[in-house]
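K.L.:
Below is a structure I'd like to ask you about.
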Amino acid sequence: MCGIVGYLGPRQAPAVILNGLKRLEYRGYDSAGIAVLAQNGHIAMRRDVGKLHNLEGVLAESPLVGHIGIGHTRWATHGKPAQRNAHPHVGMSGRVAVVHNGIVENFLPLREELE
């Protein structure tokens, strides 16, 4: 189970997304993260293991700025709670961020193909 929030609008996306994730924290408390489209056209991301307040600390130290973003809270069903497994996942080009709910059964072949 997880919580997913997206935002596109005139307000700063990180604050809107963080507020939405707080309302969905019961759906996932092993890790949390936010990705936004930065002014340079690339994705900027912050994520951390543990409850949402850990992510709030990361954002306080290293804020995100943008008007388009996506956020995720994770309850680990496959893969341990770890920084590497926290969402969002950003593509190697830095131009795509993905979150999902559920288990991707063929993740190893997909990873190999995408690397």
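FYI, it's all coordinate maths here, none of it is from the lab. The structure presented is a predicted model; accordingly, all values stated were derived computationally and were not measured. Note: ideal-geometry Cβ built from the backbone for every residue, glycine included; neighbour counts use all protein chains shown.
K.L.:
Given H placed 1.01 Å from N in the peptide plane, which residues other than close sequence neighbours of SER31 have an amide H under 5 Å from its amide H?
P.N.:
Residues meeting the criterion, in which the H sits 1.01 Å from N, are GLY50, ARG74.
K.L.:
With θ taken as phi - 60° and the coefficients 6.51, -1.76 and 1.60, list the Karplus ³J(HN,Hα) couplings across region 82-99 in order, rounded to whole Hz; mark glycine and proline as x.
P.N.:
Values, residue by residue: 7, 3, 4, 8, 5, 9, x, 9, 10, x, 4, 6, x, 10, 9, 10, 9, 10 Hz.
K.L.:
Classify region 1-109 as rounded, prolate or oblate, taking a ≥ b ≥ c as the square roots of the eigenvalues of its Cα gyration tensor: rounded when a/c is under 1.5, otherwise prolate if a/b is larger than b/c and oblate if not.
P.N.:
oblate
K.L.:
Now for a separate question. Pairs of Cα atoms under 8 Å, at least six residues apart: use those to get the relative contact order of the chain, whole percent.
P.N.:
31
K.L.:
Right, something else. Return the sequence-ordered ³J(HN,Hα) values of region 60-72 in whole Hz as given by the Karplus equation 6.51 cos²θ - 1.76 cosθ + 1.60 applied to θ = phi - 60°, using x for Gly and Pro.
P.N.:
So the Karplus estimates, Gly and Pro as x, are 5, 6, 9, x, 9, 10, x, 10, 9, x, 9, x, 8 Hz.
K.L.:
What net charge is computed for the residues neighbouring CYS2, neighbours being all others with C-beta under 10 Å from the C-beta of CYS2, Lys and Arg scored +1, Asp and Glu -1?
P.N.:
Taking every other residue near CYS2 into account, the sum is +1.
K.L.:
Moving on. State, as an integer percentage, the relative contact order of region 1-52 based on alpha-carbon contacts under 8 Å between residues 6 or more apart.
P.N.:
Answer for region 1-52 is 33 percent.
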